[in-house]
Amino acid sequence: MTIHVREENRFMRRRAIVFALLGLILVVLTGCQQQYEMSVFDTAGPVAKMQKDLIWLAIYIMSFVVAVVTVILIYVLIRYRKKPGDVEPPKQMEGSLLLEFIWVIVPIILLTILAIPTITTTFALDKVQAGENVIDVKVKGAQFWWEFEYPDYGIVTAQELHIPTGTKVNLYLETKDTLHAFWVPRLAGKTDLISGRTNFMWFEADKPGTYIGKCAELCGDGHGVMDFLVVAEEPEAFQRWVDNMKNPKTQPTSPLAEEGEKIFAQSCASCHAVTGTDFKGTAGPNLTGFGNRETVAGYLKKTDENLKKWIKNPEEVKPGSLMPAVPLKDEEIEALVAYLKDLK
């Protein structure tokens, strides 16, 4: 029996050491990232900053509580430990009005300190923004991609949300299928997309940059790669993007691209739209200006090889994708890639 207990204790110690080492490794690996593009503590806008301030306030309060409890625990262990020669049990106490008052009032004070800024921030973030420097965007999530519509500009695009810096962006969030969650860590916390209703959030980018966004609600096989980009530009650059999206370049610039346009009309146009052409499909992402985008399938770097891989076998690139694998020859895929790159 004693041997069995010793073996069990040894096993528990080893398991504790393994879990401690794994935790340490995770912390170290987290610190290895150099750009911190997904960090909620590396804020790039007022909404993210307000939310970060609340996080730090909660951390400070929790740290204070942990420190006080730890000090009291250590004091009690040392002050009231059994000493050599002690034979009688220590004096027993039942209840203390002062202590009970302290551990009721102190938590109330701490929770009030946290609650007041939380409530004011919540109401501030739930308010639709108005004024000159404001734009509206309708966001629709689908398995496993994002659609962005700019009602004031008559623009529909996908996977890249372009916004001007110093401008408040009202986002009206809907889903085309299941639950999703819109999250751009450096600009704002996540907001759910729920079937049958329109949710709201807003954010603003202080400086130009490209910010990574993700779906933060498990929504199927391709959830982990349901990424998108928020491209924040100076107002002049944003206006150039708007003008380009309204009047995009759609004419093929080479014989290979011309062949690709024909293949697109036969195999892709029923699902995809391109402004300025006869391609009006709505089932899949709008491909207007695709040649200027930074990614393929929302998360892969836009290279010819990645684009070919995506066209040839969408399921392999993004599990659960509803885009069918069209049986095309390699030379046909080559031509289709040339055409897509010309959509600028």
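The values are calculated or read from the model by the stated rules, or taken from the named source; none is laboratory data. Just so it is clear, the structure is predicted and the values come from calculations on it, not from any experiment. In this analysis, Cβ positions are derived from the backbone assuming ideal geometry, glycine residues included, and neighbour counts consider all displayed protein chains.
A few points about this structure:
Each row is one residue, and each column tells you yes or no for (1) among the polar types (S, T, N, Q); (2) within 25 Å of G141 (Cα to Cα).
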{"position": "L229", "(1), (2)": "no, yes"}
{"position": "F238", "(1), (2)": "no, yes"}
{"position": "E261", "(1), (2)": "no, no"}
{"position": "C268", "(1), (2)": "no, yes"}
{"position": "H272", "(1), (2)": "no, yes"}
{"position": "T275", "(1), (2)": "yes, yes"}
{"position": "A283", "(1), (2)": "no, yes"}
{"position": "E305", "(1), (2)": "no, no"}
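- All of D126, D177 fail the test of being touching a Gly at 6+ places or on another chain (Cβ under 9 Å) and at pLDDT below 95, apart from D177.
Okay, residues lined up against (1) without any contact (Cβ under 8 Å) to a residue 24 or more places away in the chain; (2) exposed (fewer than 10 other Cβ atoms within 10 Å of the Cβ); (3) of a type in the set (D, E, K, R):
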{"residue": "I74", "(1), (2), (3)": "yes, no, no"}
{"residue": "K82", "(1), (2), (3)": "yes, yes, yes"}
{"residue": "L110", "(1), (2), (3)": "no, no, no"}
{"residue": "I113", "(1), (2), (3)": "no, no, no"}
{"residue": "F123", "(1), (2), (3)": "yes, yes, no"}
{"residue": "Q129", "(1), (2), (3)": "no, no, no"}
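- Criterion violated by Q129 - all others in (1) part of a loop (DSSP other than H, G, I, E, B); (2) closer than 26 Å to K280 by Cβ; (3) among the polar types (S, T, N, Q) satisfied: (2)
- Meets criteria (assigned by the TED database to the domain that holds T165, modelled with pLDDT of 85 or more and either surrounded by 11 or more Cβ atoms within 10 Å (Cβ to Cβ) or under 31 Å from the mean Cα position of the chain (by Cα) (or both)) for A67: no
- Within segment 293-310, the presence of a residue that is among the small types (G, A, S) and surrounded by fewer than 20 Cβ atoms within 10 Å (Cβ to Cβ) is excluded.
To keep it simple, each residue is scored yes or no on (1) among the charged types (D, E, K, R); (2) in contact with a strand residue (DSSP E or B) (Cβ under 7 Å, 6 or more places away or on another chain).
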{"position": "W103", "(1), (2)": "no, no"}
{"position": "I108", "(1), (2)": "no, no"}
{"position": "A115", "(1), (2)": "no, no"}
{"position": "F123", "(1), (2)": "no, no"}
{"position": "A130", "(1), (2)": "no, no"}
{"position": "H162", "(1), (2)": "no, yes"}
{"position": "K176", "(1), (2)": "yes, yes"}
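- Taken over segment 317-333, residues that are of a type in the set (D, E, K, R) and either surrounded by 17 or more Cβ atoms within 10 Å (Cβ to Cβ) or assigned by the TED database to the domain that holds Q143 (or both) amount to 2.
- Checklist (1) surrounded by fewer than 18 Cβ atoms within 10 Å (Cβ to Cβ); (2) not assigned by the TED database to the domain that holds P319 applied to S267, failing item: (2)
- V137 vs. criteria touching a residue at least 60 places away in the same chain (Cβ under 8 Å), farther than 27 Å from E315 by Cα and of a type in the set (A, V, I, L, M): no
- Top-ranked residue of segment 166-188 - restricted to ones that are assigned to a loop (DSSP other than H, G, I, E, B) and not polar (S, T, N, Q), ranked as farthest from S321 (Cα to Cα): G166
- Residue in segment 45-56 that is touching a Ser or Thr at 6+ places or on another chain (Cβ under 9 Å), modelled with pLDDT of 85 or more and among the acidic types (D, E) present: yes
- Within segment 36-92, if we keep just the residues that are polar (S, T, N, Q) and either touching a His at 6+ places or on another chain (Cβ under 8 Å) or not in a loop (DSSP other than H, G, I, E, B) (or both), the residue that is nearest to T167 (Cα to Cα) turns out to be Q51.
- Output for segment 281-301, where each listed residue is in a loop (DSSP other than H, G, I, E, B) and either within 23 Å of the chain's Cα centre (by Cα) or aliphatic (A, V, I, L, M) (or both): A283, G284, P285, N286, L287, R293, E294, A297, G298, Y299
- The number of residues in segment 288-344 being of a type in the set (D, E), touching a Lys or Arg at 6+ places or on another chain (Cβ under 9 Å) and farther than 22 Å from T157 by Cα comes to 3.
- Just one of the listed residues (H180, H223) is in the same structural domain as D126 (by the TED database) and either of a type in the set (D, E) or farther than 13 Å from V139 by Cβ (or both), namely H223.
- At least 1 residues being among the β-branched types (V, I, T) is the threshold, and among the strands (runs of 3 or more DSSP E) wholly inside segment 189-254 those reaching it are 209-215, 227-233.
- When residues in segment 234-255 are screened for being in contact with a helix residue (DSSP H, G or I) (Cβ under 7 Å, 6 or more places away or on another chain) and crowded, with 17+ Cβ neighbours inside 10 Å, 1 of them pass.
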